Amino acid sequence: MEDNNSTLHVHRAHHEMLPVWFFIGCLLLFYGLVILFVGIREFHHPPAVVLAGYHASLWGGIFLTVFGGGFTIHFSPRRKRKENQGASDQPKR
Amino acid sequence: MILANMVAAVELQSTGRLISLSVPDLIIIVAYFAMVLGIGFYLKRYATTSDDFFMAGRDMTAWVAGLSFLSANLGALELMGWAAAAYQYGILATHFYWIAAFPSMVFLGLVMMPFYYASNTHSVPGYLQLRYGEATRTLSGISFAVMTVLMSGINMYAMALVMQLVLGWNFHFSIWVSSLTVAIYVTLGGLYSAIFNEVLQFFLIWFGALSIPILGMIEAGGWNGLVAKIHERVQGDYVHLWAPMSTFSGNPMGVHWTGIVFGLGGVIAFGYWTTDFLVVQRAMAAKDLRSARLAPIIASYFKMLVPAIVILPGLLGIAVLPFKLVPANTVGMGLHSYNEVLPLMLARYCGPGLLGLGVTALIAGFMSGMAGNVSAFATVWTYDIYQPHIYKHGSDKHYLLVGRWCTILGVIASIGTAYLVTHFRSIMDYMQALVSFFIAPLGATVIIGMLWKRATPKGGFWGLLAGTLSSVGMYAVVTIHPDALRYVALSAQAKPIADDLYRALWSCIICIVVTVGVSLFTEPKPIAELKNLVMGHLSATDEEVVPLYKRPIFWAVGVAVLFATLQIVFW
């Protein structure tokens, strides 16, 4: 089937732009580390909240650190540059 | 209504604060402000043309456009208001997330988006101009621009009051810090900035609020424990979606199922999700037609899940809070209103750090809502009012500059509205109603225009006007004579929330009747002028060969199955 999308006004000039996921990853990684630090500290200074024994800050901090770190690494500009470099090094068929 | 109640509660209880922040919480909040400003400065280099600034270069992936589409409607007042509604009405409030979202969002993706996208317009009023002519565009554009900027101001006012209550922050500090931040990052990056921050807000809201349902369900003893505790504490059916809706008096909301299905799901939801430019703009910014169609469908999946962080905390509030919350107008010393249920639950379970994340999610919700309003206002003002009526033949750079100034002026107008509301609070009630007047008839006008080629420019204009005026008329009659609600809602037992649903239904029917009637007696547009605007005359399609799992219809069927399953489980 003919691709009629070419008739639409679409331009893609910004592929070098950092993806939003990278920014999200950086912020969540930072939040994860802060909350993880607080969570570890709470073993000695438990907060005055319900179900404090479940250590929500600790688990939340670990989750955010892993999630944010994963996003940061996966969408980092350095990784993308390496991938692009690898693709350009491949012999052309 | 929810916004007005919330503000009333805050004003009545302006002493003290619900939450005290510690150093880690403040670090988290400051990091958020630094990140959104950093994103704005980073994106400035990419917003170099008017298409970049107003349409994000039409370069967004389906996921980014979809999450932004949803987040534009996921503001902090929305979260706090519907958590309060869940405390007040029980699981019935979920109708506003399920039936009020899934059918209309899927319809937008499958049926309407090809017309918006292929017509290559920049806005919903722009589509109306192509389909019906300048008069309909101007009516729709001016009303949208005015309403958007005023709603932004009202939200700003409400945000400052909520921050005063929850955190004890100074009213003026909240208004100026948030509005200056929004002004800077939207002026720099345009829709790019607005979309990036909306996607960021999506994650913050989920991660900031998720601890409440997780820890709450542990405390309540799972779903069965939650239901048992609710039955111990309140009379009536708070845990079934449809079973108590066969009569107006059989449920806490005072609404019949016909009002929910036809008024909410059939008219208000379609009007909002398919024609409110604030949300549709996000899907129109997608990189291709398939992504634009997928965006609202992706959003509908997450919309189905939002009750987990909004409705469930409200239900948990009924079950586990050691005191009863009260209506906003009866709040006194030592009492809390329904509207405080979400911050109260946050403070109940979250210690330092997580509490900061939850508060940041609320701030992000407020700010990205404001940014969404301001960016949509700048687009409609520039393309649908300034360009056709004030300066037709400007260069692209000129319109880009106008868009940037419009953003600043939009923020200034919002600040002005916020301070105006502090002196004339009744404006807020009228503004809420005023916005609702346009939604239902606008939805009908656009959908008729897309599906029926015989609809004429005069039919569209007079239908839109008649639907809007009839809505205003019904509102005025019920406000002056509350007993008239029985005629609008077709029952003497109907409660005020039924008024909104049935008023929308009637105004939509009137709009359809007038549009069809006038169209049958007036001259239609030539078929050649309807290309890419009407069903059967669409030249652009996205039917390229892609695997089944990448097609919008595949994901639409999936969300339909999810919707049906949820209705049966919670029937």
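The values are calculated or read from the model by the stated rules, or taken from the named source; none is laboratory data. Owing to the predicted nature of the structure, the values given are computational and were not obtained by experimental measurement. With ideal geometry, Cβ positions are generated from the backbone for all residues, glycine too; neighbour counts draw on all protein chains shown.
Key figures
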{"read-out": "Filter result for the condition that a residue is over 29 Å from B:V255 (Cα atoms) and surrounded by fewer than 24 Cβ atoms within 10 Å (Cβ to Cβ), over B:A183, B:A160", "value": "B:A183"}
{"read-out": "Test: residue in region B:538-557 that is of a type in the set (G, A, S), away from every other protein chain (no Cβ under 14 Å) and touching a Ser or Thr at 6+ places or on another chain (Cβ under 7 Å)", "value": "no"}
{"read-out": "Matching entry among B:V380, B:V374, B:V306, B:V359 (being within 29 Å of B:V23 (Cβ to Cβ) and either touching a residue at least 24 places away in the same chain (Cβ under 8 Å) or within 14 Å of chain A (Cβ to nearest Cβ) (or both))", "value": "B:V359"}
{"read-out": "Test: B:S491 is within 25 Å of B:L110 (Cα to Cα), polar (S, T, N, Q) and in a loop (DSSP other than H, G, I, E, B)", "value": "no"}
{"read-out": "Criterion (in contact with a helix residue (DSSP H, G or I) (Cβ under 8 Å, 6 or more places away or on another chain) and either aromatic (F, W, Y) or at pLDDT below 90 (or both)) met by exactly one of B:F563, B:F521", "value": "B:F563"}
{"read-out": "Enumeration of residues in region A:12-58 that are closer than 18 Å to B:V23 by Cβ, more than 7 Å from every other protein chain (Cβ to nearest Cβ) and under 14 Å from the mean Cα position of the chain (by Cα)", "value": "A:G32, A:L33"}
{"read-out": "In region B:353-397, the residues that are polar (S, T, N, Q) and in contact with an Asp or Glu (Cβ under 9 Å, 6 or more places away or on another chain)", "value": "B:T360, B:S368"}
{"read-out": "Among (1) surrounded by fewer than 24 Cβ atoms within 10 Å (Cβ to Cβ); (2) over 23 Å from B:V267 (Cα atoms), the one test that B:G57 misses", "value": "(1)"}
{"read-out": "Sole exception among (1) more than 14 Å from every other protein chain (Cβ to nearest Cβ); (2) modelled with pLDDT of 85 or more for B:V320, by number", "value": "(1)"}
{"read-out": "Residue match in region B:74-97 (condition: among the acidic types (D, E) and under 24 Å from B:L191 (Cα atoms))", "value": "yes"}
{"read-out": "Failed item, numbered, when B:G334 is tested on (1) free of Cβ contacts under 8 Å to residues at least 60 places away in the same chain; (2) touching an Asp or Glu at 6+ places or on another chain (Cβ under 7 Å)", "value": "(2)"}
